[in-house]
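First comes the structure, then the notes that go with it.
The values are calculated or read from the model by the stated rules, or taken from the named source; none is laboratory data. Nothing here was measured: the structure is a model prediction, and the numbers come from that model. Cβ atoms come from the backbone with ideal geometry, glycine included; neighbour counts cover every protein chain shown.
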Amino acid sequence: MNYHDYLQLDQILNAQSPESEKRQLPAHDEMLFIVIHQAYELWFKQLHHEVNSVIGILSKPSLNDNSPELQIVVHRLNRCVTILRVLVHQIDIMETMTPMDFLDFRDMLRPASGFQSWQFKELEARLGLKYEQRHGQEYYTSQLRPSHVDIIKKAEHEKSLLQWLNDWLERMPFFNEQENWKEFEVHDPQETPHPFWAEYRYCYKESLSDAEKANLSAFDALFLGKGDEAAARSLSAKASRAALFIMIYRGYPVLQLPFQLLNSLLEIDEQLSSWRYRHMNMVHRMIGTRVGTGGSTGKDYLKAAADKHYIFREIAQLNSFLIERRKLPVLPGAVERRLGFGE
């Protein structure tokens, strides 16, 4: 096997065809522009490879939280985070191109636009961004080829990573083992799915300042399914309870990997957000308030999308319902043993 042939370098290294050279209007920085965007698309392909493998594991009927498979999920999601960090830093290279350098070839690209990256839109859908959550719904596929629109629509109709996460969280076993909770004491018994949540609600209520008392109704909506908000959420009340339990008791060995999984999803959202905002600021620096080559409103469109497109926001919202470690309900000994790799 030859290095050159294995990597198909003839195809890769001959895949840059600057429009400025074809028109004999030399623009030195167009080569950089092409290479950067080709690198983005290659990394998007790798992100699809990782996310699809994670979905494949989470979609299994049962998944042992202490198994190598969950370690693989966490490892591959962390790889996604690292790749996204690279995508953010590629903007540093792009910004070595000045606005005048860009103007040398910008008009030759119309109506091509980074907005036509179907791989990125498909990735958002695979992760869990719903159509109704998108900014500019009437525009986001209007510039794409029909075959690429079909790919995105297919991804939107399949179960996303966020939906498989919901199913996995709902399978948390600890609250089904009634025998282990016999010694658990509740200060303020409430009609909740489990005595633990009545006690946690009491502890949370006691931790709130006067200005935060309204948070209690939000707690009831998210974790007890009360009110109309529950139907609009991606995570069910049962899944939200499991995720919060993982967060507050993450120090126990059995919950370490599940916590890392949740944390890696928050990291993915953070890096995607960083990429969107860096991209927005770069566009503003390059073209100011001018319209994008694809016809969008440029910076304004990118800012609105960046503000709205948080895929795992419901996991991040759970941090509003944490309480100090020393105020957490004391778990029964039998439950602690289960969480500590016991019987």
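Observations, loosely collected:
- Here residue 15 fulfils each of the conditions (1) over 16 Å from residue 161 (Cα atoms); (2) at pLDDT below 95 apart from (2).
- Matching entry among 233, 250 (being surrounded by fewer than 19 Cβ atoms within 10 Å (Cβ to Cβ), of a type in the set (Lys, Arg), more than 17 Å from residue 329 (Cα to Cα) and under 21 Å from the mean Cα position of the chain (by Cα)): 233
- When region 129-152 is filtered for residues that are within 26 Å of residue 266 (Cα to Cα) and among the small types (Gly, Ala, Ser), only 136 remains.
- Residues of region 153-180 that are modelled with pLDDT under 90 and not in a loop (DSSP other than H, G, I, E, B): 174, 175, 176, 178, 179, 180.
- Just one of the numbered conditions (1) surrounded by fewer than 17 Cβ atoms within 10 Å (Cβ to Cβ); (2) closer than 30 Å to residue 139 by Cα is not true of residue 209: (2).
- Among residues of region 237-264 that are without any contact (Cβ under 8 Å) to a residue 12 or more places away in the chain, those with a Cβ under 8 angstrom from a residue that is of a type in the set (Lys, Arg), sequence gap 6+ or separate chain, pair up as 256/250.
Let's see how each residue does on (1) of a type in the set (A, V, I, L, M); (2) surrounded by fewer than 19 Cβ atoms within 10 Å (Cβ to Cβ); (3) at positive phi; (4) in a loop (DSSP other than H, G, I, E, B):
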position	(1), (2), (3), (4)
73	yes, no, no, no
86	yes, yes, no, no
132	no, yes, no, no
135	no, yes, no, yes
151	yes, yes, no, no
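- Condition met for residue 167 (among the acidic types (Asp, Glu), out of contact with any His (no Cβ under 7 Å at 6 or more places or on another chain) and surrounded by 15 or more Cβ atoms within 10 Å (Cβ to Cβ)): yes
- Exclusive hit being closer than 30 Å to residue 300 by Cβ, surrounded by 16 or more Cβ atoms within 10 Å (Cβ to Cβ) and of a type outside the set (A, V, I, L, M, F, W, C), set 147, 160, 142: 160
- Region 82-98 residues that are over 17 Å from residue 286 (Cβ atoms), paired with ones that are in a helix (DSSP H, G or I) and β-branched (Val, Ile, Thr) (beta carbon under 8 Å, 6 or more apart): 84/268
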